[in-house]
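Participant: I have a structure here, written as structure tokens, and I will follow up with some questions on it.
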Amino acid sequence: MTDQTPRPLCLAVVGHTNVGKTSLLRTLTRDVGFGEVSHRPSTTRHVEGARLSVDGEALLELYDTPGLEDAIALLDYLERLDRPGERLDAPARTERFLQGSEARQRFEQEAKVLRQLLASDAGLYVIDAREPVLAKYRDELQVLAGCGKPLLPVLNFVSAADHREADWREALARLGLHALVRFDSVAPPEDGERRLYESLALLLEHSRPALQRLIDDQQAQRVARQTSATALIAELLIDCAACRRSVTQEEGPAAVEALRQAVRQREQRCVAQLLALYAFRLDDATSADLPLTDGRWGDDLFNPETLKQLGVKLGGGVAAGAAAGAGIDLLVGGLTLGLATIAGAVAGGALQTMRGYGGRLMGKLKGQRELTVDDNVLRLLALRQQQLLAVLTRRGHAALERIEVSLPAEQTQWREGKLPESLKKARAHPQWSSLNPRARLSDGERLEALENLLPHL
Ligand SMILES: Nc1nc2c(ncn2[C@@H]2O[C@H](COP(=O)(O)OP(=O)(O)O)[C@@H](O)[C@H]2O)c(=O)[nH]1
Ligand SMILES: [Mg+2]
């Protein structure tokens, strides 16, 4: 291999059974399906690997290993491997052990781990920080140190209330291991990965450029995910704000139910998109049903925005009537008003809008009512999806518990005050909603409204 294509940095993830080795790999690879994670001991029986690449270039290989089961016996055995008069150093003993028959029998499991570590550039030694520092762990570390490879201890489970970080730090220092990283595979600290890679760069100076690229790439991806996620939520809100059903009196109750269904499904689509974006599984989240109230029976025909669309300049009584919510009297006036502006609308290229508007006016005259999504439902959707996003950004890919999509406790931004202008505007643009027929989703004004909504999310 040439210098232009250096081989990826290779790490073995080692440690006792059930300390979270496979979980750490899931978190670092953002792969919820990596290996098998279980609270039962010894689920990882063989060595399994994953590769992290940036721009198609493999930078890091991580290998999961089985847990070391009987380090105390193995250390005893290793110490008796010296022949009379011989004083082997630890790596030479390890070598001799791996060539002997016990490496294929009694200590088969341990031999797999040591071989993997020998074949790697360094080891991540995963520790369950809730455990007391027992003799078996100290022996395990000595056995591993016998490979002569740099070891970076990873204190896992530090989110647990009862962890023993201080004891572990002291014990590790006594064994000559002064650098360590704190981690939690289920709820990783925000900068956990970066700190892990930075600590590795201190142990493996020649790998610093590759590790820095990984850090930079992950930061860039984090930002890109956040941007995409916010855009997905904005789409949901515009879709629902612009959603509209023209229905007759008799169709009322059924129409409300159909609207609820449509909004629920639309929210579910957003949940699925966010889960996919953050590389979680569809069944990682359950959402309580939206407590949808009645639809909103609106008079958006006379929403000032609708009239503005048609180039109508409101004057005097008409404007006042429009703002107050038009009744049937004004509707007649409105129709006249509409007809008066048709010529202008055609000239202004708003014919399409005019047709849609005219259709809705006719519907109104025929006794139809317009059903839209309630303001409070829009608020709820915004709050719920933002809450889900906050959970997803903090969640490790080893987490097994389901996410409950619910309401954030403290956030007030969407709870009270006026709805963002974009949503009010969307009310007057039925063609902005994918939930309506004849949607025009790439409409320039719609895209602008989406853009203006982003700072509110
Ligand atoms: N709360 C919490 N649980 C963890 C963490 N790491 C692993 N677990 C859980 O601990 C158990 C063992 O994890 P696993 O990755 O299979 O351990 P391994 O045997 O070392 O590969 C599983 O139930 C995991 O969900 C952690 O950092 N925090
Ligand atoms: Mg495992």
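The values are calculated or read from the model by the stated rules, or taken from the named source; none is laboratory data. Not measured: the values here are computed from a predicted model. Every residue, glycine as well, gets a Cβ built from its backbone with ideal geometry; the counts of neighbours run over all protein chains shown. The area values use the complete protein model at the heavy-atom level, side chains included, leaving out ligands, DNA and RNA. Shrake-Rupley method; radii C 1.70, N 1.55, O 1.52, S 1.80 Å.
Participant: Taking the condition in contact with a helix residue (DSSP H, G or I) (Cβ under 9 Å, 6 or more places away or on another chain), open to solvent by less than 50 Å² (accessible area, probe 1.4 Å) and assigned by TED's automatic domain parsing to the domain that holds S422, does D239 pass?
Facilitator: Values: in contact with a helix residue (DSSP H, G or I) (Cβ under 9 Å, 6 or more places away or on another chain): yes; open to solvent by less than 50 Å² (accessible area, probe 1.4 Å): yes; assigned by TED's automatic domain parsing to the domain that holds S422: yes.
Yes.
Participant: What number of residues within the stretch 432-457 are over 9 Å from A234 (Cβ atoms), hydrophobic (A, V, I, L, M, F, W, C) and not in a helix (DSSP H, G or I)?
Facilitator: 3
Participant: Every residue in the stretch 90-101 that is touching a residue at least 12 places away in the same chain (Cβ under 8 Å) and either open to solvent by 40 Å² or more (accessible area, probe 1.4 Å) or outside the structural domain of Y77 (by TED's automatic domain parsing) (or both), please.
Facilitator: Of everything in the stretch 90-101, those that are touching a residue at least 12 places away in the same chain (Cβ under 8 Å) and either open to solvent by 40 Å² or more (accessible area, probe 1.4 Å) or outside the structural domain of Y77 (by TED's automatic domain parsing) (or both) turn out to be A90, P91, R93, R96.
Participant: Any residue in the stretch 55-68 that is closer than 21 Å to A119 by Cβ, more than 16 Å from ligand 2 (Cβ to nearest atom) and modelled with pLDDT under 90?
Facilitator: No.
Participant: I need a count of the residues in the stretch 1-54 that are more than 26 Å from the chain's Cα centre (by Cα), at pLDDT below 80 and of a type in the set (V, I, T). Spell out how you get there, then give the answer.
Facilitator: Kept after step one, since they are more than 26 Å from the chain's Cα centre (by Cα), are these residues of the stretch 1-54: 1-10, 12, 14-17, 40-47.
From the residues that got through so far, the ones that are at pLDDT below 80 too are 1-6, 40-47.
Filter once more, keeping what is of a type in the set (V, I, T): 2, 5, 43-44, 47.
The qualifying residues number 5.
Participant: Identify, please: which residue in the stretch 118-133 is within 16 Å of ligand 1 (Cβ to nearest atom) and more than 23 Å from L202 (Cβ to Cβ) and is, among those, nearest to the chain's Cα centre (by Cα)? Steps first, please.
Facilitator: So in the stretch 118-133, the residues within 16 Å of ligand 1 (Cβ to nearest atom) come out as 123-131.
If we keep only those that are more than 23 Å from L202 (Cβ to Cβ) as well, we get 128, 130-131.
Details: D128: 25, R130: 27, E131: 30 Å.
The extreme case among them is D128.
Participant: If you don't mind, there's one more thing I want to ask. Only residues in the stretch 223-237 that are under 13 Å from S434 (Cβ atoms) count as the first member; pair them with residues that are open to solvent by less than 20 Å² (accessible area, probe 1.4 Å) and basic (K, R), Cβ under 8 angstrom, at least 6 apart or cross-chain, and list the lot.
Facilitator: That search, which allows pairs on different chains as well, returns L236/R266.
Participant: Now, a different point. Please determine, by comparing only the residues of the stretch 15-36 that are assigned to a loop (DSSP other than H, G, I, E, B), farther than 21 Å from A111 by Cβ and among the hydrophobic types (A, V, I, L, M, F, W, C), which one is nearest to ligand 1 (Cβ to nearest atom). Break it down stepwise before answering.
Facilitator: So in the stretch 15-36, the residues assigned to a loop (DSSP other than H, G, I, E, B) come out as 17-20, 30-36.
Of the ones still in play, those that are also farther than 21 Å from A111 by Cβ are 20, 30-34, 36.
Next, from what is left, pick out any that are among the hydrophobic types (A, V, I, L, M, F, W, C): 32, 34.
Details: V32: 12, F34: 10 Å.
Step by step, filter the stretch 15-36, then rank; the result is F34.
Participant: Let me ask you something else. Being open to solvent by less than 90 Å² (accessible area, probe 1.4 Å) and closer than 21 Å to Y137 by Cβ is the filter here, so list the residues in the stretch 78-89 that pass it.
Facilitator: L78
Participant: Got at least one residue in the stretch 51-58 being of a type outside the set (V, I, T), crowded, with 18+ Cβ neighbours inside 10 Å and either under 27 Å from L25 (Cβ atoms) or within 16 Å of ligand 1 (Cβ to nearest atom) (or both)? Reasoning before the result, please.
Facilitator: Step one: of the stretch 51-58, the residues of a type outside the set (V, I, T) are 51-53, 55-58.
Narrowing the set further to residues that are crowded, with 18+ Cβ neighbours inside 10 Å leaves 52.
Next cut, either under 27 Å from L25 (Cβ atoms) or within 16 Å of ligand 1 (Cβ to nearest atom) (or both) only: 52.
Within the stretch 51-58, one or more residues are of a type outside the set (V, I, T), crowded, with 18+ Cβ neighbours inside 10 Å and either under 27 Å from L25 (Cβ atoms) or within 16 Å of ligand 1 (Cβ to nearest atom) (or both).
Participant: Would you check if V133 is in a loop (DSSP other than H, G, I, E, B) and open to solvent by 30 Å² or more (accessible area, probe 1.4 Å)?
Facilitator: Working: in a loop (DSSP other than H, G, I, E, B): yes; open to solvent by 30 Å² or more (accessible area, probe 1.4 Å): yes.
Spelling it out, V133 is indeed in a loop (DSSP other than H, G, I, E, B) and open to solvent by 30 Å² or more (accessible area, probe 1.4 Å).
Participant: Can we say L75 is in the same structural domain as Y197 (by TED's automatic domain parsing), part of a strand (DSSP E or B) and either open to solvent by less than 30 Å² (accessible area, probe 1.4 Å) or away from ligand 1 (no atom under 16 Å from the Cβ) (or both)? Spell out the reasoning first.
Facilitator: Numbers: in the same structural domain as Y197 (by TED's automatic domain parsing): yes; part of a strand (DSSP E or B): no; either open to solvent by less than 30 Å² (accessible area, probe 1.4 Å) or away from ligand 1 (no atom under 16 Å from the Cβ) (or both): yes.
Judged against the criteria, L75 is not a match.
Participant: If we keep just the residues of the stretch 102-122 that are part of a helix (DSSP H, G or I) and without any contact (Cβ under 8 Å) to a residue 24 or more places away in the chain, which is most open to solvent (accessible area, probe 1.4 Å)?
Facilitator: Here is the first cut: in the stretch 102-122, the residues part of a helix (DSSP H, G or I) are 102-104, 108-118.
Restricting the remaining residues to those that are without any contact (Cβ under 8 Å) to a residue 24 or more places away in the chain gives 103-104, 108, 111, 115.
Values: A103: 2, R104: 150, E108: 94, A111: 0, R115: 107 Å².
The selected residue is R104.
Participant: Oh, and also: Helices (runs of 4 or more DSSP H) wholly in the stretch 140-245 with at least 3 residues that are over 32 Å from the mean Cα position of the chain (by Cα) - which ones? Let's see the steps before the verdict.
Facilitator: Details: elements: 165-174, 192-203, 208-242.
Correct list: 165-174.
Participant: I would also like to ask the following. Could you check how many residues of the stretch 138-166 are open to solvent by less than 50 Å² (accessible area, probe 1.4 Å) and over 21 Å from Y63 (Cβ atoms)? Explain how you work it out, then say what you get.
Facilitator: Residues of the stretch 138-166 that are open to solvent by less than 50 Å² (accessible area, probe 1.4 Å), as a first pass: 139-141, 143-144, 146-147, 150-156, 158, 160, 165.
Now drop any that are not over 21 Å from Y63 (Cβ atoms), which leaves 139, 158, 160, 165.
Count: 4.
Participant: Hey, could you check the stretch 59-72 for residues that are open to solvent by 20 Å² or more (accessible area, probe 1.4 Å) and more than 27 Å from the chain's Cα centre (by Cα) and say which is nearest to S23 (Cα to Cα)? If you could, list the steps in order and put the result at the bottom.
Facilitator: Filtering the stretch 59-72 down to residues open to solvent by 20 Å² or more (accessible area, probe 1.4 Å) leaves 61, 63, 69-70, 72.
From what is left, the residues that are more than 27 Å from the chain's Cα centre (by Cα) are 69-70, 72.
On the way: E69: 18, D70: 22, I72: 25 Å.
Ranking the candidates gives E69 first.
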